[in-house]
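The structure appears right after this line, and notes come after that.
A short reminder: the numbers here are calculations on the coordinates, not readings from a lab. Source: prediction; values computed, not measured. Please note: Cβ atoms are built from the backbone with ideal geometry, for glycine as well, and neighbour counts cover all protein chains shown.
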Amino acid sequence: MSKKPSSKAAFLSLSGIHKRFGGVHALRGVDLTIEQGKAYHLLGENGCGKSTVIKIMSGAHEPTEGIISLDGKHLNYLSPMAALEAGIETVYQDLSLLPNLTVAENVALGEQLVAGKGRLLYRLDHQKIKQTAIAALRKVGLEADQTLLGKTISDLPLAIRQRVAIARAIASDARLVIMDEPTTSLTRHEVEVLIEVVGRLLDNNVAVLFVTHKLEESYRIGGEAIVFRDGLCVAQGPIENYTRSQLAELMTGRSIEATRYRVGKPKNTTLLDIKDLSSGHAFRDISFNIRHGEIVGITGLSDSGRNELAMALAGHISIPHGVLTLEGEAIHITSPASAISYGIGYVPEDRLSEGLFIEKSIYENEVPLILNRILGKFGLLDDKKGRAAAGEISSGMKLNTKDLDLPVSALSGGNQQRVLIGRWLSINPRLLILHGPTVGVDVGSKETIFHAIQEMAERGISLIVVSDDLPELLQNCDRILVMSSGRIVENFNAEEVSDDHIYQSMITSPQETA
Amino acid sequence: MTDKTISEKADYSPDLERKWIFFLFKGRPETISLILLVMICGAVAFINPSFFNMSSLVDIARASVVIGLFALGVFTVLAAGGIDISFPAIGALAMYGVSSFVINVFPGMPMILIILFSVLIGATLGAVNGVLVHGLRVPALIVTIGTQYLFRGILLVFIGTVWLMEMPSQMIDFGKFSLFEIEANSGVTVSLPVYFLVFPIAAITTWFVFNRTLMGRAIFAVGGNSNVAERLGYDLRKVRIFAFGYAGALAGLAGVIQASANRMANPFDFAGIEIGVIAAVVLGGARITGGTGTVFGTVLGVLLVTVVNNVLVLVGIPSTWQRVVVGAFILLAAAFFVLRDRKSAL
């Protein structure tokens, strides 16, 4: 489709939008403008009103005050139906795909639902479903053969699911696609693919609005930055006009230096020596050592074996071959419990489902590893001792609340992560493995997590940080190991390597370097 | 960097294709039931060739109707992410209520109206389940345990507790009317009653709803993930009321057929049948957690359970062993499904 400059007139604009939830003033007079065929990046810390504003655009919330203009028509609010009719589609973080239906059905059933006008006994048009699905999947670069169309969503990898979700969004004539943190669980390669897909949408005159924490990618995609702080849109303009630190300052209202957090130095003594570790197809011939108080970053594509290596060291998957020497003594890690007995802790990437008891209180989340220490008479738990211990953890981790009975689900991502790290610190670990420590965490909280990581290293705890976020590794680690196809292909000194350099080695397979 | 073009054939099918055997089962979990069914029939026919004569086949066909109708209803509810254990009570209430209505109020009621009336009672009671499950946001298991007692109680308190032995003639005629009759070797005439046709017709109707209408996809959508389905614009209330109402309607139909075939109406009938029916549906490949399964698989599961219940006697296995065999099959199938899922998750 050719780009017509005339079609780039304002398509959707918000002016003076307020939204109150009871006593909370979530949006305090937001103005912003969306034109077709352009990319937008909605930036801001958690709780700044980003999700409220996209819900107003998609019709899920009604603004308390203000005007929405759609194609020049003034409206007081947008109903979900009106938003869909106007071509405003949202790809939520969970993708909202139906796991047990096929790709074709997921992409094209919406159209049938509209055609049926709510009558569910409407006869399905299988031919139309197929046509719509093929056309939409092509637009996101998926070859829509019969095998793919008939695949069940739960059989597909996440990156493909995401493209299916985008295909569904554009299956009917979409003019604005809102993507809520689309790259959170994608690898670098998959992000590249997503960026190309976005390019196609823009060429087709579709506007794309990203809600994101990842500035790196926003710069790559280009377009306009929309920065939110405390329920206000504090800036909108071409993203290349802002530096990273300017954006961070706009988001937080204070300046955040994007410098290296790592100030200390590891000791010269070796904590853990890893020799010739192999586990089936997952990883092979892994050898490296970690010194006391050292921070070692491990990165690589998601199939590089880095996740499996981290989980193997934490006892979550078994290690068939290799020798582990902890402070001169050979050890065998057979289960998470045995890893803990050696003082090795693991903070999983998906803290909501694997790390935290999300509906339980901060108290209950902080003490599970030290239950033996808070026993009272008759071996029963002593609530007083437990609360004292939990209170210490909370203040040690600088949680933003002193309330121990608050459920952790009420905390922000950054504070949840601190609860989890605090739980591990309570057993004075020798080695802590952090998997994606800042996934889904806003700029301000990232900083405090980084400080916590550095403090742990200062206390002599060794850390392994497994992450996709290269700047994060560069800012925090002593060394960065790069894995590819199950092997360690590079061992960089974090102070002497660049982002690009690491990325190059990630996408080069060991066969090519050999 | 040289990125591959995004139109590359994405690697969305890991090792699965190589293991053709798991691939076969992956798409069609009911294959296990089919294999079990063929094996049993083969073994029984080998030991006792009289299995393949008309009279035992007709017996199986006749016995499969009521459990088959119930199973199609249970399948529909399971697919929508619910579960129904009140259907035996619904079937009994419809059966007894309609029979006593015809006997006491409207003796000349045409058979077709009798059937429709029973289906209507069943659909209404089923819809009550749907309304409660949706409105109270209580798990369907709890709701239908409650309504099961409620429906059975209403039947016993308000309608009657005595067996109706003098059934209306049109129901008796319907139960006797046969599709064909043949003289068996022993000299006994065996006949396949016309009501047998109700099962295949109901199966085809259910298949049509599931595969050719939006409702079928909506049921799977709600069973797969009700939050997502709601966000995408599916009307959960309509879907739930339909699924439970449809199951109720089939239970009402099963009730009237049971009364016609047995020439009596017993208010305590169907008690305890629910586990066997749910077993048949699960053997047919539907997951108890919802969103999966096929009509074909359900029919296979019904045939498997019916065959086990009817033919083990032919090879000299006491009927008390039926339960052991059905239990073993369920565990076998369950182990198989789990294995298959683990295989595909790798």
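Using Cα atoms only, what is the angle between the long axis of helix A:413-425 and the major principal axis of chain A, expressed in degrees (0 to 90) to the nearest 10?
Helix A:413-425 sits roughly 10 degrees off the main axis of chain A.
Excluding same-chain residues fewer than 8 positions from A:Lys19, which aspartates and glutamates have a Cα within less than 17 Å of its Cα?
Here the aspartates and glutamates satisfying the reach criterion relative to A:Lys19 are A:Asp31, A:Glu62, A:Glu65, A:Asp230.
Label B:Leu197 and A:Lys360 with points 7 Å out from Cα along Cα→Cβ: what is the distance between them in nm?
Going from the B:Leu197 label point to the A:Lys360 one covers 6.2 nm.
If you wrap a convex hull around the alpha carbons of segment B:15-162, what volume per residue comes out, as a whole number of Å³?
Values: hull volume 27.8 nm³, N = 148.
So the per-residue hull volume is 188 Å³.
Please compare each pair in A:Lys55/A:Lys360; A:Lys402/A:Lys446; A:Lys275/A:Lys385 to a cut-off of 30 Å on the Cα-Cα distance and tell me which ones are over it.
Listed pairs above 30 Å: A:Lys275/A:Lys385.
Tell me, what is the FRET efficiency for A:Ser353 and A:Ser172 to the nearest 0.05, using R0 = 30 angstrom and their Cβ-Cβ distance as r?
With R0 = 30 Å, the Cβ-Cβ based efficiency is 0.35.
Across bins of 10 angstrom width beginning at 0, how are the C-alpha pair distances of the protein assembly as shown distributed, in whole percent?
Result, from short to long distances: 2, 11, 17, 19, 19, 15, 10, 6, 2, 0, 0 percent.
By how many nm would the segment from A:Arg244 to A:Ile317 grow when fully extended, if each residue of separation counts as 0.36 nm and the alpha-carbon distance is taken off?
22.4 nm
Find the Cα radius of gyration of segment A:196-242, compare it with 2.2 N^0.38 Å by division, and give the number to two decimals. Intermediate results must be reported in sequence, preceding the final value.
On the way: Rg = 11.5 Å, N = 47, 2.2 N^0.38 = 9.5 Å.
With N residues counted in segment A:196-242, Rg over 2.2 N^0.38 Å equals 1.21.
How far, in degrees from 0 to 90, does helix B:31-47 lean away from the longest principal axis of the Cα atoms of chain B, to the nearest 10?
50 degrees
Work out the count of Lys pairs in chain B where the Cα-Cα distance is under 23 Å, with the pair 8 or more places apart or on different chains. Spell out each step's value before the answer.
On the way: B:Lys9/B:Lys19; B:Lys9/B:Lys26; B:Lys9/B:Lys343; B:Lys19/B:Lys343; B:Lys26/B:Lys343.
Lysine pairs, 8 or more places apart or on different chains, close enough: 5.
Give me the Å³ per residue figure for the convex hull around the C-alpha atoms of chain A.
183 Å³
Per residue of A:117-125, how many C-beta atoms from partner chains lie within 10 Å of its own C-beta, taken as a mean?
The shielding value for this peptide is 5.
Roughly how many nanometres apart are two label points built 7 Å out from the Cα toward the Cβ at A:Lys384 and A:Leu369?
So the label points at A:Lys384 and A:Leu369 sit 2.7 nm apart.
What is the percent of Cα-Cα separations in segment B:82-152 that go past 17 Å?
45 percent
Assuming 1.306 mPa s and 10 °C, estimate D for segment A:38-196 with Stokes-Einstein, Rh taken as the Kirkwood radius over Cα pairs, in µm²/s.
94 µm²/s
Principal axis lengths of segment A:358-428 from Cα atoms, whole Å, largest first?
So the extents along the principal axes, rounded to whole Å, are 38, 24, 17.
Return the long-range amide H neighbours of A:Ala235 (sequence gap of 5 or more, or a different chain), with a cut-off of under 5 Å between placed amide H atoms.
For A:Ala235, whose amide H was placed from the backbone, the distant partners under 5 Å are A:Val227.
Bins of 20 Å, beginning at zero and ending with the bin holding the largest distance: percent of Cα pairs per bin for chain B, please.
The distribution over chain B is 28, 54, 15, 2, 0, given as percents.
Once R0 is set to 45 Å, what does the formula 1/(1 + (r/R0)^6) return for the Cβ-Cβ distance between B:Ile317 and B:Asn227, expressed as a FRET efficiency to the nearest 0.05?
It comes out at approximately 0.40.
Efficiency by 1/(1 + (r/R0)^6): what FRET value for A:Asn428 and A:Phe21, r their Cβ-Cβ distance, R0 = 56 Å, to the nearest 0.05?
0.85
How would you order A:445-453, B:216-224 from highest to lowest mean count of nearby Cβ atoms within 10 Å?
So the order, starting with the most tightly packed, is B:216-224, A:445-453.
What is the spin-label model distance, in nm, from A:Lys265 to A:Asp94 if the labels are put 7 Å beyond Cα along the C-beta direction?
5.0 nm
Using a 10 Å cut-off around each Cβ of peptide A:99-108, what is the average number of partner chain Cβ atoms that fall inside? Mind showing how you got there, number by number?
Numbers: counts 4, 12, 7, 1, 1, 0, 3, 3, 0, 0.
That average works out to 3.
Taking neighbour counts of Cβ atoms within 10 Å as a proxy for exposure, in what order, fewest first, do A:Met57, B:Met54 appear?
B:Met54, A:Met57
Mind checking the angle between helix A:103-115 and chain A's longest principal axis? C-alpha axes, 0 to 90 degrees, to the nearest 10.
The angle comes out near 40 degrees.
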